[in-house]
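Trainee: Could you have a look at this structure, given as structure tokens, before my questions?
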């Protein structure tokens, strides 16, 4: 059964599955080169999938509410971009879309739920779990801001139900609070929340911390509740606070309240349900400091944050939701897998000498690993282009910039060349067999470290030696790597450690500020041409200007 899933909101995406087997998945921004592109059908992603399968062979077309929620005139511009007239009725619009894509007349259609699609992949990739809490949180989707499910080993029980009457009297989204802080400090909401996390480390407790915390409480069920009536009220409240405290202190307040509120909710739920594992997804759980706080709860044994935790992950969870609806939950459990690979799910580009224009020089075409290490020891800014592109918000060694971590000043140099904000921290990557020697963390965090979705403490003896990756609070956001995941990425690090006794290298995403992560080889060469990096490392060549 061939299944095509689309998400047409921000971070638009499309996926193709053959039952539970992923054939292809694309995020629109990587093709259009427009950060977080969406709020329309992901046409370039769909064109890529059409190169793999004739859409008349599609058995099921999956979509979510973004195709149909634009009922207000203020969304008119979004509808125009979709090439469809103003909202008439669901069935007619859906028929127009399937006809537009060239599907057969009787193709089956299914609308998946936003938060369930966020949640269910965390269980699919966790076959060994005998119990779990699946917790999602974001700025909103399908009229909700959270979902909470309890898995008892056999059944998945929905716990969170936001009553219609409550929707009318409160807006309880902790994610929206964080986004309004982002906006109040002059950044772009739903994009620059990571800057608030970075700034928070420079702040201190203030009146903002207490005032924001008083607006949220945990009810007897363990659900997050709020005294805010609507988004406008949150906005006024946050923007007023921004006039009274520094940007660092407001960031600190947002971060500390986020961690306190969500962990209190999780602890309250643990009093009701005996879970030792937790699956996290939704945009709120892109916050690596929050994830650290959850991992440090003493009853959590394993934590899995779905790597594409944002809305680009919906086209994966939506497929699982449909298959559960079609074949039953027991069938879904029988297809669950033990662990997840690094999501090198994008296109693969094999680089040959013919792909290298004459105006670039081939610095090395043999002993790539040793030459790369020599460049890194000389503090050169190198980018690695290998494997298929990562899916999700993190660069994980296929499209990464790698740097010697021994000099913090390199951060300023790289940020300037990439046009990035000065306080945005870099991350280390480390061989999995060495991670315990460098970092202090609970065992529950280890799985999340594979995807760079959690922070942890850096041991004191390494603070200076890997200073370019250490945050001001002495934490870092490491990625663990084993050789079978990415041989080139691993071998460069291993050789660097053998020659320097330093077990980490910097890994930061291969993109300039406000650009999506590099996708094609041509884009990588353009970054080299524009002096974003010094050298480009591929499996067969090292390339310079």
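The values are calculated or read from the model by the stated rules, or taken from the named source; none is laboratory data. Keep in mind that this is a model prediction, so the values were computed, not measured. In this analysis, Cβ positions are derived from the backbone assuming ideal geometry, glycine residues included, and neighbour counts consider all displayed protein chains.
Trainee: Residues to consider are 405, 393, 343; find the one that is assigned to a loop (DSSP other than H, G, I, E, B) and touching a strand residue (DSSP E or B) at 6+ places or on another chain (Cβ under 6 Å).
Mentor: 405
Trainee: If we keep just the residues of segment 169-215 that are under 20 Å from the mean Cα position of the chain (by Cα) and in a loop (DSSP other than H, G, I, E, B), which is surrounded by the most Cβ atoms within 10 Å (Cβ to Cβ)?
Mentor: Here the residue is 173.
Trainee: Follow-up question, since we're still on this one. Filter the strands (runs of 3 or more DSSP E) completely within segment 445-545 down to those with at least 2 residues that are closer than 22 Å to residue 197 by Cβ and in contact with a strand residue (DSSP E or B) (Cβ under 7 Å, 6 or more places away or on another chain).
Mentor: Passing ranges, in order: 456-458, 479-481, 504-509.
Trainee: Still on this model: Within segment 490-504, can one find any residue that is in contact (Cβ under 8 Å) with a residue 24 or more places away in the chain and within 22 Å of residue 30 (Cα to Cα)?
Mentor: no
This table checks each residue for (1) within 16 Å of residue 408 (Cα to Cα); (2) assigned by TED's automatic domain parsing to the domain that holds residue 286; (3) surrounded by 22 or more Cβ atoms within 10 Å (Cβ to Cβ).
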| residue | (1), (2), (3) |
| --- | --- |
| 433 | no, no, no |
| 439 | no, no, yes |
| 443 | no, no, no |
| 448 | no, no, yes |
| 456 | no, no, yes |
| 464 | yes, no, no |
| 471 | yes, no, no |
| 476 | yes, no, yes |
| 483 | no, no, no |
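Trainee: May I pose another question? Here are some residues: 299, 228, 275. Which one is touching a strand residue (DSSP E or B) at 6+ places or on another chain (Cβ under 9 Å), free of Cβ contacts under 8 Å to residues at least 60 places away in the same chain and not in a helix (DSSP H, G or I)?
Mentor: 228 is the lone residue from the list that is touching a strand residue (DSSP E or B) at 6+ places or on another chain (Cβ under 9 Å), free of Cβ contacts under 8 Å to residues at least 60 places away in the same chain and not in a helix (DSSP H, G or I).
Trainee: Regarding residue 377, is this residue within 25 Å of residue 528 (Cα to Cα), touching a residue at least 40 places away in the same chain (Cβ under 8 Å), in the same structural domain as residue 494 (by TED's automatic domain parsing) and surrounded by fewer than 24 Cβ atoms within 10 Å (Cβ to Cβ)?
Mentor: Taking the combined requirement at face value, the residue satisfies it.
Trainee: Something else about it: For residue 269, only one of the following conditions fails: (1) touching a helix residue (DSSP H, G or I) at 6+ places or on another chain (Cβ under 6 Å); (2) in a helix (DSSP H, G or I); (3) buried (at least 19 other Cβ atoms within 10 Å of the Cβ). What is its number?
Mentor: The single condition residue 269 does not satisfy is (1).
Trainee: May I pose another question? Scan segment 302-330 for residues that are out of contact with any helix residue (DSSP H, G or I) (no Cβ under 7 Å at 6 or more places or on another chain) and either free of Cβ contacts under 8 Å to residues at least 12 places away in the same chain or farther than 12 Å from residue 122 by Cβ (or both) and jot them down.
Mentor: Within segment 302-330, 311, 312, 315, 319, 322, 325, 326, 327, 328, 329, 330 qualify.
Trainee: Taking segment 348-384, which residues are at pLDDT below 95 and touching a strand residue (DSSP E or B) at 6+ places or on another chain (Cβ under 6 Å)?
Mentor: Across segment 348-384, the qualifying residue is only 348.
Trainee: Which condition number does residue 354 fail, the rest of (1) touching a residue at least 24 places away in the same chain (Cβ under 8 Å); (2) outside any loop (DSSP other than H, G, I, E, B) being met?
Mentor: (1)
Trainee: Among the candidates 185, 134, which residue alone is in contact (Cβ under 8 Å) with a residue 40 or more places away in the chain and more than 21 Å from residue 234 (Cβ to Cβ)?
Mentor: Of the residues listed, the single one that is in contact (Cβ under 8 Å) with a residue 40 or more places away in the chain and more than 21 Å from residue 234 (Cβ to Cβ) is 134.
Trainee: If you don't mind, there's one more thing I want to ask. If you go through segment 25-34 one residue at a time, how many are touching a helix residue (DSSP H, G or I) at 6+ places or on another chain (Cβ under 7 Å) and surrounded by 18 or more Cβ atoms within 10 Å (Cβ to Cβ)?
Mentor: 5
Trainee: Moving on. What about residue 257, is it buried (at least 24 other Cβ atoms within 10 Å of the Cβ), touching a strand residue (DSSP E or B) at 6+ places or on another chain (Cβ under 8 Å) and part of a helix (DSSP H, G or I)?
Mentor: Criteria not met by residue 257.
Trainee: OK, next. Confirm whether residue 144 is modelled with pLDDT under 95 and under 30 Å from residue 337 (Cα atoms).
Mentor: For residue 144, the condition - modelled with pLDDT under 95 and under 30 Å from residue 337 (Cα atoms) - is met.
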